[in-house]
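Novice: Pasting a structure here, questions to come.
Just so it is clear, none of the values below were taken in a lab; they were calculated from the coordinates. If you're wondering where the values come from, they're calculated on a predicted model, not measured in any experiment. Glycine also receives a Cβ, built like all others from the backbone with ideal geometry; neighbour counts cover every protein chain displayed.
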Amino acid sequence: MKYKVTLNNRVYEVEVEHGEAMLTDEYELAAPAAATPAAPAAAPAAAAVPVAAAADGLAAGEVVKSPMPGNILKINVTQGQKVNEGDVIMILEAMKMENEIVATRSGTIAQIAVTKGAVVETGTPLAVIA
């Protein structure tokens, strides 16, 4: 049986026979015909959104959000810790893969919004960097 799986704008064609899976093809997803300018790319493993106030219960700063649903396996930082852009702040398990969630900018961890073992959805706030 053949399946097409799209992940991060890449399409993977997978063939499964007798419980064995083989990758048969992999290619970039074709860009839409609409000529809308694309937003600048965020960090590969996390989306960041600036927050001006603590209206939603989060500290002020840049919110690092979950790029996909999964489980928080490990939190590598503590509140008040200084981080540099690109530092691994958490490990998110999704589909049996460990994904590094990185600091989107240098600063101080103002808040950690999840705990180890938490189940998160896409867009769930994970941490705030001030």
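Novice: Arranged from highest to lowest average of other beta-carbon atoms within 10 Å per residue, in what order do the peptides 119-129, 74-84 appear? Present the calculation step by step, with values, prior to reporting the outcome.
Specialist: Values: 119-129: 18.5, 74-84: 13.6.
Final packing ranking: 119-129, 74-84.
Novice: Give Lys82/Lys116; Lys65/Lys96; Lys2/Lys116; Lys2/Lys65; Lys4/Lys74 a once-over and call out the pairs whose C-alpha atoms are over 29 Å from each other. Walk me through the numbers before you get to the answer.
Specialist: Details: Lys82/Lys116 20 Å; Lys65/Lys96 20 Å; Lys2/Lys116 36 Å; Lys2/Lys65 33 Å; Lys4/Lys74 31 Å.
Checking Cα-Cα distances, Lys2/Lys116; Lys2/Lys65; Lys4/Lys74 exceed 29 Å.
Novice: Please report the relative contact order for the stretch 80-130, taking Cα pairs under 8 Å with a sequence separation of at least 6, and give it as a percent rounded to a whole number. Can you show the working numbers first?
Specialist: Working: 80 pairs, mean separation 17.8, N = 51.
For the stretch 80-130, the relative contact order is 35 percent.
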